[in-house]
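A.B. asks: My questions all concern the structure below.
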Amino acid sequence: MDLTIPDHEQSFREEVRDFLARAMTPEIREAGRLTTSVFAPVKQAMDWQRILHEQGWAAPHWPREYGGTGWSVGQRTVFAEELVRAGAPPLIPMGLQMCGPCLIGYGTEEQKAHYLPRILSGEDIWCQGYSEPGAGSDLASLKTFAESDGDHYVINGTKIWTTYAHHANRMFLLVRTRRDGKPQAGITFLLLDMATPGITVEPIVGLDEVPEQCQVFFDNVRVPKANRVGEENDGWTVAKYLLTFERGGQDYAPGLGVQLEQLKARARRQATATGSLADDPLWRRQVADCETRVLALSFTEQRIKSALSAGKDPGALSSMTKILGTELQQRVTELAVDTLGAQALLWQPGALVPGGGEAPLGPEYALTTMASYLNARACSIYGGSNEVQRGIIAKAVLGL
Amino acid sequence: MNFSLTEEQQMLADSVRRWVRDGHDGEARRRDKTRRPLDAALWRQFAELGWLALPFAEDDGGLGGGPVETLVLMEELGRGLVVAPYVPTVVLGGGLLRRAGPAWRERHLPALIEGRLQLALALDEYERVFAPENTALTATAEQGGYRLDGRKALVLNGDQADALLVLARTGGVPGDEHGLSLFWLTPDQDGVSLAPHRTVDGHTAAKLTLERVHLPAEALVGEPGGALAPLRATLDEALLALGAEAVGALSVLLDDTVEYAKTRRQFGVPIGDFQALQHRMADMFMALEQLRSLLLAATLKVAEGHADARRAVHALKARLGLDGRHLAQEAIQLHGGMGMTDELAVGHYFKRLTAINGLFGGADAHLAAFADA
Ligand SMILES: Cc1cc2nc3c(=O)[nH]c(=O)nc-3n(C[C@H](O)[C@H](O)[C@H](O)COP(=O)(O)OP(=O)(O)OC[C@H]3O[C@@H](n4cnc5c(N)ncnc54)[C@H](O)[C@@H]3O)c2cc1C
C-alpha cells in the first residue's frame, strides 16, 4: 500500500492539460459553463466527443481492442479530474457508458462491429428505454410487449423518462417477450432505430423548465431480431450488467472537488461587514463537512476501481458510490444556493442556452447555481432510486 | 394560552380559502413561463376583499389587523401557491410607510389599500451577503438633497412597482448600524434603470441601477441615518408572513406526498406500504408540526411585543431553511420521476419554498442571529 504517484502519471497530467487547453473551442467552453445537469447541451457535447474521439480519448474505460485507451486506474482518474477542472461539458453517457459496455459484454460480433465505432465517433446518439409509467423502481414489471413475427419483433407500449429521446437516433430498450413465468424471465434487450415507423416522442418539461426527458410511444414498431442483445427472455441479465455501469461507472469525487473549489472562490467574493463569507465560521464548517466527505469518497472510488481493474465485479459497491456521490452532489448544489443568498433566485433560462445571446442580469454562476440545484434533485431518483440502492446494500452486502 | 382563531379571523381564513379554491386558477399560472405583468384583476380582488387593508390602523383606512391576521391570509395563499406581490407591496412597503410618520401614511396608504400603488423594497446588493447593515450603496448629501449611486439585486416586485424604497448609506461604512437611510423614488426618475426578470418561483423582480440619481430631501423616508430600527421591525413582519406562506405550502407538500404514496403502486403494493418511506413521511409530518409551532410562537410574540420576539423569528427562519427545505426535498424524492416534472404541483411548491429560504438571510445567518440575540 502506498500513495506514490508514478512519474508517468505526472507527465500524463501535463499532456492532458495541454491537450484540453488546445482542443476546447470557445463554444464548448461556454456549454461547459452553462451545463446544469449530468446531461450537457447535446450539440456541444457531441462536438466535444468528436474532438476527443479524434484524439482517441472518447472512451478511456473501454477495452483497448474496441477503442479504449488502455490507461491505468490512476491515469483515468487524472483524465477525469482534468476534464472537470477545464470545465468541459460531460459527454452524454447513454452510448459511451451504457450501451457500449453492454455490447462489449453481450453483443454479437456483427453488433459490436457495427455499433461500437458509431458510438465512439458520436455518429449515433443513444437513449435508454427502460422505465415505464407503471414500472419505475419495479423495473421488472415492465409491459411494453414485443410480439414475434418471423424475423422481426412488433413492439407496442410506452417508455417514460427517456432522457434525450428527442435528440437520439437509437434506443436500447427492454421489452417483454413472454407473458407467463417470473417477470424477470420474460424480458428481452433490443436495439432500435428511432426513425422506425410507429414511434412518437413527447418531451417532458422538468423543474428547471428544460425538456430533458421524454415519453416514447410504440405503435406496431417493427424491429429486426438481429437487433436483439443476448438471448430472447434473457434481457434481464444484460440489463443488470448495464445498470452496474450506469451506477458505478462514474467518478463523483473529482467533479465535487472542483465544484467546492469554485464555491470557495465565490464565497470570497461575497462580502460581509468584516470580510467575506469564506471567513464565516458557519460557512467554513459546511464546506469542510462536504470536503471531508469528498476526500473519503475519492478513496472509496479509487479502491473500487482498483478492484475492478483486478477483474472483480463491483456488484453492490456501485450502489454505494451512487448513493454517496449523488447525495453529496445534491448537498454541494444546496450549499452553492445558500452561498449566493437571494441572488440565486434570479431565473433567466434563456441566458442558459449556449449561443443563445441573452445576457445574464447578474454573474453567470448565479444563473447556473439554481438550475443545478433543481436538476440535481433528480440524481437520487434516476439510475435506480437511492431507496432502492440502500435496499440492494442491505440485501446483497449485509445479507439482511 | 389559547391557540384558536377569533370568529373574525376564522371568517378571514374561510374567505381566503374559498377565493383560492374558486376564484384563482393556480394551474394556469403555473403553466405560464413568461414574466407576466401584475394580474390587475387579481389585485383588485385583493383590494375588494379587504386584504390590502389588513395590517393598517383604522385611522389610516385599514382594518387594524396584526401579525395573526396576516398569518391567516398568508398560510392560505401559501396553500394555494398564489403568485401575488403581497409581501413586497403590503408587508414590506406598507410596513415601512406605517412606521414613517403621518405625512407618509396619509400620502400613500389610501392608494395602497385601494390597490392603486405597487411598491418594492431594494435591499440586496451584488456580491454582498444579505444583512441591512451590510449595505454599501451610497446616498451622498448634496445641495437640497441627496445623490444616489449603485446597484441593487433582486428587487422583488421591482418590475411593476410604482415606487421603490431604497436602502442606502448616508453615513458610516458597511457593518455600521447607524448611517442607514431609506429613500422613496419612482422608476421614471433620471438615472434610475430597472432590468426586470423572473425569479425561480414564478414571481418577478428587477435589477436596479442608480446612476447619479438626484433626490430632494423630502425623498428621505423616516429619520436620516435611522432606517435600521423600522426596517428590522418590518423585516420581522415579512419573515412571519413568508413563514406562514411556507407552512401553508409545506402542508400541501406533505398531503400530496402521503396521497401519492397511497396510490402509486410498485412491486404490487402502494409505495406507502414500504416502511422506509413510512418513516420518512412520519418525519415530514413532525417537521411540519414543529414549524407550525415556531410560526405561532414567533407570530404571537411579535403581536404581543415580547422581548424575545425577534429571537423566535430567527428560530422560525432558521428551521424553515433546514427542516422546511428537507421536507420539500423529500416530497420530490418520494414522488420519484413525477416529482421532477413541471406538470405536477409539487415542483412548484418546492420552488416557492426555495425562494422563501433564499430571502432575507438563510438558515446559518438566522442561527447566528438567534445565538447572538
Ligand atoms: C432526470 C431523470 C432521468 C431519467 N432518465 C431515464 C432514462 O434515460 N431511461 C430510463 O429508462 N429511465 C430514466 N429515468 C427513470 C428512473 O430510472 C426512474 O424515475 C426511477 O427508476 C424511479 O422510478 P419512478 O420514477 O417510477 O418512481 P417510483 O418507483 O414510483 O418510486 C417513488 C418513490 O418510492 C420509492 N420506492 C419505490 N420502491 C421502493 C421500495 N421497495 N422501498 C423503498 N422505497 C421505494 C422510490 O425510491 C421513490 O422515492 C430517469 C429519471 C429521472 C428523474
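A.B. asks: From the backbone phi of the stretch A:63-69, what are the Karplus-calculated ³J(HN,Hα) couplings (6.51 cos²θ - 1.76 cosθ + 1.60, θ = phi - 60°) in whole Hz, Gly and Pro given as x?
C.D. replies: x, 4, 4, 9, x, x, 9
A.B. asks: Do you know the Lys pair count in chain B for C-alpha distances under 18 Å, with sequence separation 8 or more or different chains? List each step's numbers first, then the result.
C.D. replies: Values: B:Lys33/B:Lys351; B:Lys152/B:Lys207; B:Lys301/B:Lys317; B:Lys317/B:Lys351.
Counting lysine pairs in chain B gives 4.
A.B. asks: Pull out the extension gain between B:Met1 and B:Asp188, defined as 0.36 nm times the separation in residues minus the alpha carbon to alpha carbon distance; nm, one decimal.
C.D. replies: Here the segment from B:Met1 to B:Asp188 would lengthen by 62.3 nm.
A.B. asks: Related question: Per residue of the stretch B:165-179, in order, report the coupling 6.51 cos²θ - 1.76 cosθ + 1.60 (Karplus, θ = phi - 60°) as ³J(HN,Hα) in whole Hz, putting x for Gly and Pro.
C.D. replies: Calculated HN-Hα couplings, in order: 9, 10, 8, 9, 9, 9, x, x, 10, x, x, 6, 7, 8, x Hz.
A.B. asks: Here is a follow-up. Quote the convex hull volume per residue of the stretch B:49-145, based on C-alpha atoms, as a whole number of Å³. Please list the in-between numbers first.
C.D. replies: On the way: hull volume 14.1 nm³, N = 97.
So the per-residue hull volume is 145 Å³.
A.B. asks: Report the full-extension gain for the segment B:Arg18 to B:Ala57: residue separation times 0.36 nm, less the Cα-Cα distance, to one decimal in nm. Walk me through the numbers before you get to the answer.
C.D. replies: Values: separation 39, 0.36 × 39 = 14.04 nm, distance 2.58 nm.
That pair, B:Arg18 and B:Ala57, stretches by 11.5 nm at full extension.
A.B. asks: Then there is this: For the protein assembly as shown, give me the percentage of DSSP beta bridges that are antiparallel, rounded to the nearest 5 percent.
C.D. replies: Within the protein assembly as shown, antiparallel bridges account for around 85 percent of the total.
A.B. asks: If you plug each phi of the stretch B:216-224 into the Karplus form 6.51 cos²θ - 1.76 cosθ + 1.60 with θ = phi - 60°, what whole-Hz ³J(HN,Hα) values come out, in order, with x for Gly and Pro?
C.D. replies: Each residue of the stretch B:216-224 in turn: x, 4, 5, 6, 6, 9, x, 7, x Hz.
A.B. asks: List the trypsin sites (Lys or Arg not before Pro) in the stretch A:263-350 that DSSP assigns to loop (not H, G, I, E or B) and whose Cβ has at most 14 other Cβ atoms within 10 Å. Which are they?
C.D. replies: Sites meeting the loop and neighbour criteria: A:Lys312.
A.B. asks: Sticking with this structure for a sec: Choose one answer from A:Thr36, A:Thr321, A:Thr237: the residue with the largest mean-square fluctuation in a GNM of chain A with alpha-carbon springs under 10 Å.
C.D. replies: A:Thr237
A.B. asks: For the pair B:His326/B:Val269, report the inter-label distance in nm, with labels modelled 7 Å from Cα in the Cβ direction.
C.D. replies: Computed distance between label sites B:His326 and B:Val269 equals 2.6 nm.
A.B. asks: I want to make sure I understand the PRE zone here: with the label point 7 angstrom from the Cα of A:Ala265 toward its beta carbon, which residues in the stretch A:61-94 have backbone N atoms less than 18 Å away?
C.D. replies: Flagged as within label range: A:81-90.
A.B. asks: Compute the distance in nm between two label points, each set 7 Å from the Cα along the Cα-to-Cβ direction, one at A:Asp2 and one at B:Arg232.
C.D. replies: So the two model labels end up 6.1 nm from each other.
A.B. asks: How long is the gain from A:Glu209 to A:Lys143 if the chain were fully straight, where each residue apart is worth 0.36 nm and the alpha carbon distance is subtracted?
C.D. replies: Gain on stretching A:Glu209 to A:Lys143: 20.8 nm.
A.B. asks: Per residue of the protein assembly as shown, what 222 nm ellipticity follows from adding -39500 (n - 2.57) for every DSSP H run with n ≥ 4, rounded to the nearest 500?
C.D. replies: -14500 deg cm²/dmol
A.B. asks: Using protein heavy atoms only (no ligands, DNA or RNA), what is the total accessible area buried between B and A, 1.4 Å probe, nearest 100 Å²?
C.D. replies: Interface between B and A: roughly 3900 Å².
A.B. asks: Over the protein assembly as shown, with a single point scatterer placed on each C-alpha, what log10 of the ratio I(q)/I(0) does the Debye formula yield at q = 0.06, 0.10 1/Å?
C.D. replies: -0.42, -1.05
A.B. asks: Once amide H atoms are placed 1.01 Å from N in the peptide plane, what residues at a sequence separation of 5 or more from A:Arg222, or on another chain, have their amide H within under 5 Å of its amide H?
C.D. replies: HN-HN under 5 Å from A:Arg222: A:Ile155.
A.B. asks: Here's another thing I want to ask about it. Using 1/(1 + (r/R0)^6) with R0 = 60 angstrom and r between the beta carbons of B:Asp176 and A:Thr237, what's the FRET efficiency to the nearest 0.05?
C.D. replies: The formula returns an efficiency of 0.30 here.
A.B. asks: Same structure, new question: Mind checking which of B:Leu296, B:Leu334, B:Leu119 has the largest fluctuation in a GNM of chain B, springs on alpha carbons under 10 Å?
C.D. replies: Sorting by GNM fluctuation, first place goes to B:Leu334.
A.B. asks: Right, here's the next one. Decide, for chain B, between rounded, prolate and oblate: order the square roots of the alpha carbon gyration tensor eigenvalues as a ≥ b ≥ c, take rounded if a/c falls under 1.5, and otherwise choose prolate if a/b is larger than b/c, else oblate.
C.D. replies: prolate
A.B. asks: A further question on this structure: Assuming a viscosity of 1.306 mPa s and a temperature of 10 °C, what translational diffusion coefficient in µm² per second does Stokes-Einstein assign to chain A, Rh being the Kirkwood radius over Cα pairs?
C.D. replies: The diffusion coefficient I find is 71 µm²/s.
A.B. asks: So, one more: Accessible area per residue of the stretch A:251-397 at 1.4 Å probe, in Å²?
C.D. replies: Averaged over the residues of the stretch A:251-397, the accessible area is 40 Å².
A.B. asks: Just to be sure I understand: of the beta bridges DSSP finds with both ends in the stretch B:171-303, what percent are antiparallel, rounded to 5?
C.D. replies: Numbers: 11 of 12 bridges.
Taking every DSSP beta bridge within the stretch B:171-303, about 90 percent pair in antiparallel fashion.
A.B. asks: Here is a follow-up. Could you check what % of the DSSP bridge pairs in chain A are antiparallel, to the nearest 5?
C.D. replies: 85
A.B. asks: Grab the other residues whose beta carbon is less than 14 angstrom from that of A:Arg222, score K and R as +1, D and E as -1, and report the net.
C.D. replies: Residues close to A:Arg222 contribute a combined charge of -3.
A.B. asks: Now a separate question. What nm value, rounded to one decimal, do you get for the distance between A:Thr292 and B:Ala368 when each label is placed 7 Å out toward the C-beta?
C.D. replies: 2.1
A.B. asks: Running a GNM on chain B with Cα contacts under 10 Å, which residue among B:Asp59, B:Asp176, B:Asp342 ends up with the highest mean-square fluctuation?
C.D. replies: Maximum fluctuation in the GNM of chain B, among the listed residues, is at B:Asp59.
A.B. asks: When the accessible area of the protein assembly as shown is computed with all protein chains present and a 1.4 Å probe, what percentage of it is carbon and sulfur?
C.D. replies: So the carbon and sulfur contribution to the accessible surface is 53 percent.
A.B. asks: Cut-off under 29 Å on the C-alpha distance; same-chain residues fewer than 8 positions from A:Lys225 excluded. Which lysines are left, in chain and number order?
C.D. replies: A:Lys112, A:Lys143, A:Lys159, A:Lys182, A:Lys240
A.B. asks: Same structure, new question: Amide H of A:Glu212: which non-local residues (sequence gap of 5 or more, or other chain) have their own amide H closer than 5 Å, using H built in the peptide plane?
C.D. replies: It is A:Ile204, A:Gly206, by chain and number.
The values are calculated or read from the model by the stated rules, or taken from the named source; none is laboratory data. Note that the structure is predicted; figures quoted are calculated from it, not measured. Here Cβ is always computed from backbone atoms with ideal geometry, including for glycine, and neighbour counts include all displayed protein chains. Each accessible area value is taken on the protein alone, full model and side chains, heavy atoms only, with ligands, DNA and RNA left out. Shrake-Rupley method; radii C 1.70, N 1.55, O 1.52, S 1.80 Å.
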